[in-house]
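Q: Structure provided below as structure tokens; questions to follow.
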Ligand SMILES: [Zn+2]
């Protein structure tokens, strides 16, 4: 906490020094400090097995609001396993499975030593930054708990009786964490949409019902972010993405367009409202997180930070 306060004061001092030097026209002038110049924070909401087409069709006011206020990208992971552990590993390292080595949900062959998670990269850059993983599926804890240093908080939500109830508990914990500590990087994964996809496929009513239920959880997390932004002056970015899609009759693991489908929604800190960025790939999440927090990006990442200047739909 002390370190964070020091960082903020340092930024203000630089801004003030810039304003003073501007009077003598001897130096480039940094932008003036304003109430919105608080520390950058980012939350990544992972919606397992969720397809953008269904989000658009379903009654999902919270995700629709994020799309209206931010930039949306439709994407594919063609050529990459459409399986959770490889995909979340790609999302959380910024490199494809051919580098991080995770090919299936056994996590066998993981190379987080060579391609550390975003949590490890952030903690290496500045141990005072607070990094948090709170997820429904325990595979996320495998990634977030790997490497040294690992995330400050690594939590898998205990089974609350149904996937929907467990997601609610996950989102409650995420919202509480954001309200209490304003963490610098929060990653969460919600699992009920994937469960519904396996149960009835995307054709069955359960799939869209789960998409609508998970939208409520997204809304609770975003409400915590918005309160924090308003009350603490923090500059929050919200990213939403998915690891893979689902077949019409359920399941994934193959290379069809439905299974390889993924997406991103990026809202806050300069992302274009109503923007479209279909150049997105899931390797872009970690580079975006690092850039948002001002953490140097390793040269060996496959992805790049999401664009802020994009066409409007
Ligand atoms: Zn699945």
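Q: For residue 204, all conditions in the list (1) within 16 Å of the ligand (Cβ to nearest atom); (2) surrounded by fewer than 24 Cβ atoms within 10 Å (Cβ to Cβ); (3) within 17 Å of the chain's Cα centre (by Cα) hold save one; what is the number of the exception?
A: (3)
Q: Between 285, 265, which is buried (at least 22 other Cβ atoms within 10 Å of the Cβ) and within 21 Å of residue 130 (Cα to Cα)?
A: 285
Q: Considering 126, 104, 53, 113, which residue is within 30 Å of residue 273 (Cβ to Cβ), surrounded by fewer than 19 Cβ atoms within 10 Å (Cβ to Cβ), assigned by TED's automatic domain parsing to the domain that holds residue 289 and in contact (Cβ under 8 Å) with a residue 12 or more places away in the chain?
A: Result of the check over 126, 104, 53, 113: 53.
Q: Hand me the list of helices (runs of 4 or more DSSP H) wholly inside the range 71-158 holding 2 or more residues that are modelled with pLDDT of 95 or more and under 29 Å from residue 56 (Cβ atoms).
A: 84-93, 139-144
Q: Here is a further query. Hey, can you tell me all the residues within the range 213-245 that are in contact with a strand residue (DSSP E or B) (Cβ under 7 Å, 6 or more places away or on another chain), part of a loop (DSSP other than H, G, I, E, B) and more than 16 Å from the ligand (Cβ to nearest atom)?
A: 234
Q: Determine whether the range 184-191 contains at least one residue that is part of a loop (DSSP other than H, G, I, E, B), in contact with a strand residue (DSSP E or B) (Cβ under 7 Å, 6 or more places away or on another chain) and either at negative phi or within 16 Å of the ligand (Cβ to nearest atom) (or both).
A: yes
Let's see how each residue does on (1) within 18 Å of residue 184 (Cα to Cα); (2) surrounded by fewer than 24 Cβ atoms within 10 Å (Cβ to Cβ); (3) touching a helix residue (DSSP H, G or I) at 6+ places or on another chain (Cβ under 8 Å):
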| residue | (1), (2), (3) |
| --- | --- |
| 227 | yes, yes, yes |
| 230 | yes, yes, no |
| 234 | yes, yes, yes |
| 240 | yes, no, yes |
| 256 | no, yes, no |
| 272 | no, yes, no |
| 279 | no, yes, no |
| 296 | yes, yes, yes |
| 304 | no, yes, yes |
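Q: Could you look through the range 246-265, keep only residues that are more than 14 Å from the ligand (Cβ to nearest atom) and assigned to a loop (DSSP other than H, G, I, E, B), and pick out the one that is farthest from residue 283 (Cα to Cα)?
A: Step by step, filter the range 246-265, then rank; the result is 248.
The values are calculated or read from the model by the stated rules, or taken from the named source; none is laboratory data. Given the structure is predicted, the values throughout are model-derived calculations rather than measurements. So basically every Cβ, Gly included, is an ideal-geometry build from the backbone, and we count neighbours across all protein chains shown.
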